[in-house]
Amino acid sequence: MEDYTPKIVHNSHSGIVYGEMLVELKTCPKCNKYMIIKPNGSIDNSFPNYVKIDFKSQLHNAGWVEQSNVKVDNKYICTECVRNGEADFKCYLCGERYLVNFIQESFGDPPEFLCEKCYTTVSAKEWEMVTDKLYDIHKYDFE
């Protein structure tokens with residue numbers, strides 16, 4: 001990779017010159033598609049404005065997806081998986097997986113979660129013991 005040289009691509013019709021550069025891709029842990037972080041700020045303006053080769057069109061043509069800001073099991077997933085309801089979590093107490101809208105409480109970074117089902121089914125004493133334990137485990141996460 002150290003020897004890679006970006007390439008110049010000329011558009012003879014418009015006179016515009018483009019450059020091909022390497023970008024880092026990650027794999028979505030849910031759908032296994034390659035994903036890329038959408039650039040923001042001035043670099044976003046580096047992508048062509050033409051509708052057939054803008055950022056979204058190039059992703060579509062390559063079969064790639066955009067990385068979201070949502071993590072599942074401490075790994076980012078793609079925006080398509082978020083839209084498709086694949087954002088889930090594992091409850092610390094019962095070990096079951098639920099969609100993120102069933103989170104009752106979240107602790108720490110990376111976060112651990114407790115679900116609504118456990119909140120409604122375990123005793124108040126057990127809930128307090130588990131939350132105290134999670135607070136203790138994660139008390140230094142944000143320092």
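Values computed for the structure shown
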{"read-out": "Residues within segment 50-69 that are among the small types (Gly, Ala, Ser) and either surrounded by 18 or more Cβ atoms within 10 Å (Cβ to Cβ) or not assigned by TED's automatic domain parsing to the domain that holds residue 24 (or both), tallied", "value": "1"}
{"read-out": "Those strands (runs of 3 or more DSSP E) lying entirely in segment 38-143 with at least 1 residues over 30 Å from residue 14 (Cβ atoms) and over 16 Å from the mean Cα position of the chain (by Cα)", "value": "88-90, 97-99, 103-107, 112-115"}
{"read-out": "Criterion (closer than 25 Å to residue 135 by Cβ, at pLDDT below 90 and among the hydrophobic types (A, V, I, L, M, F, W, C)) met by exactly one of 51, 70", "value": "70"}
{"read-out": "Qualifying positions in segment 1-11 - assigned to a loop (DSSP other than H, G, I, E, B) and closer than 16 Å to residue 47 by Cα", "value": "6, 11"}
{"read-out": "Subset of segment 70-101 that is touching a residue at least 40 places away in the same chain (Cβ under 8 Å) and of a type in the set (Asp, Glu) - its residue that is surrounded by the fewest Cβ atoms within 10 Å (Cβ to Cβ)", "value": "73"}
{"read-out": "Filter pass, residue 52 being among the basic types (Lys, Arg) and closer than 21 Å to residue 28 by Cβ", "value": "no"}
{"read-out": "Residue 6 vs. criteria of a type outside the set (Phe, Trp, Tyr), surrounded by 10 or more Cβ atoms within 10 Å (Cβ to Cβ) and assigned by TED's automatic domain parsing to the domain that holds residue 67", "value": "no"}
{"read-out": "Whichever residue in segment 102-111 is in contact with a His (Cβ under 9 Å, 6 or more places away or on another chain) and surrounded by fewer than 18 Cβ atoms within 10 Å (Cβ to Cβ) and, among such residues, is farthest from residue 68 (Cα to Cα)", "value": "108"}
{"read-out": "Options 36, 77: the member that is in contact with a Leu (Cβ under 6 Å, 6 or more places away or on another chain) and either at pLDDT 85 or above or assigned by TED's automatic domain parsing to the domain that holds residue 98 (or both)", "value": "36"}
{"read-out": "Cβ pairs under 6 Å, 6+ apart, first in segment 118-143 and farther than 14 Å from residue 105 by Cβ, second assigned to a loop (DSSP other than H, G, I, E, B)", "value": "141/108; 141/109"}
{"read-out": "Residue 14, sole failed condition from (1) closer than 28 Å to residue 80 by Cβ; (2) not in a strand (DSSP E or B)", "value": "(1)"}
{"read-out": "Residue tally, condition within 18 Å of residue 70 (Cβ to Cβ) and not charged (D, E, K, R), over segment 26-52", "value": "10"}
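The values are calculated or read from the model by the stated rules, or taken from the named source; none is laboratory data. Just so it is clear, the structure is predicted and the values come from calculations on it, not from any experiment. Glycine also receives a Cβ, built like all others from the backbone with ideal geometry; neighbour counts cover every protein chain displayed.
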